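First up is the structure itself, then whatever we jot down about it.
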Amino acid sequence: MEIDWLIAGPIIAGIVGIFLGYLIGYASKKAPDYKNEIASWQNKYDAKCRELNASVDSRKALEGEVAGLQTRLSNVEADLASSQSKLSAVQNIAGGVTTSNYDADHVKTAYGKTVNKDDLTLIDGIDTTIAGLLKNYGITTWYELSRTPVDRCRQILAESNKDYERHMPSTWPDQARLAYEGKWTELKEWQASHAHHV
């Protein structure tokens, strides 16, 4: 059987044309447009970045305010300690007190060591930490401690979370009075009889 190209040619050309048209049409189809969706997500991301930056800026501003308040608090505490010390000095002057009966040789004889004038750690129950604490409250000398009520001593310890009974604050004013009055032997004997050391 012989192919009649006059008839078959246009049919084959038509089939090829349809096939090519299909391929060209399929190839020219547009891919889904994700640009709008990507732009939407980018806008959301940018908005969150702006929120985060605003939060960071707010936090920095608050940290600056806190630092300023801490500095002011430190200054107020220093002023308070200074005022308490000045008040104690004025009270001492008003009470006619100017000097203590401190005799370094007599103290050394009683204690067997050099003791500085107004060393609060000489008082049984007061260690260096508590001496520093008392100084923060304006109690810097034996005389000042001798005039401090026992309840105030306990209050200072309680405010600092110290177990005040263990430190025997009820005896501090009397011990301080003996030290201030220069009664070293009497003070040493009292401390030996109570045998309490922090």
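If you put +1 on each Lys and Arg Cβ and -1 on each Asp and Glu Cβ, how big is the dipole of the range 104-194 around its Cα centre, in Debye rounded to 20?
The calculation lands at about 120 debye.
Starting at the first residue of the range 125-133, write each ³J(HN,Hα) from the Karplus equation 6.51 cos²θ - 1.76 cosθ + 1.60 with θ = phi - 60°, in whole Hz, x for Gly and Pro.
After applying 6.51 cos²θ - 1.76 cosθ + 1.60, I find x, 10, 9, 5, 5, 5, 4, x, 4 Hz.
Excluding same-chain residues fewer than 8 positions from Lys35, which lysines have a Cα within less than 18 Å of its Cα?
Partners within reach: Lys44.
Fully extended, how many nm does the chain gain between Ala8 and Arg50 (0.36 nm per residue separation, minus their Cα-Cα distance)? Numbers along the way, then the final one.
Numbers: separation 42, 0.36 × 42 = 15.12 nm, distance 7.01 nm.
Working it through step by step, the gained length comes to 8.1 nm.
Label points 7 Å out from Cα along the Cβ direction at Ala67 and Ala81: separation in nm?
Placing both labels 7 Å beyond Cα along the Cβ direction yields 2.3 nm.
Taking 0.36 nm per residue of separation and subtracting the Cα-Cα distance, what length does fully extending Thr114 through Asp174 add?
Taking Thr114 through Asp174 to full extension adds about 19.5 nm, to one decimal.
Calculate I(q)/I(0) for the range 96-185 by the Debye formula, one identical point scatterer on each C-alpha and no solvent, and give its log10 at q = 0.11, 0.13, 0.24 Å⁻¹ to two decimals.
Here the Debye-derived log intensity ratios amount to -0.28, -0.40, -1.21.
Apply the Karplus curve 6.51 cos²θ - 1.76 cosθ + 1.60, θ = phi - 60°, to the phi angles in the range 177-194 and return the couplings in whole Hz, x for Gly and Pro.
Each residue's phi maps through the Karplus curve to give 5, 4, 5, 4, 7, x, 8, 5, 5, 4, 5, 4, 5, 4, 5, 5, 6, 9 Hz.
Gain in length, Val16 to His106, computed as 0.36 nm per residue apart minus the alpha-carbon separation, to one decimal in nm?
Gain on extension, Val16 to His106, equals 19.6 nm.
Values quoted throughout were computed directly from the atomic coordinates according to the rules given, and no laboratory measurement underlies them. All figures in this text were calculated on a predicted structure; none of them were measured in a lab. So basically every Cβ, Gly included, is an ideal-geometry build from the backbone, and we count neighbours across all protein chains shown.
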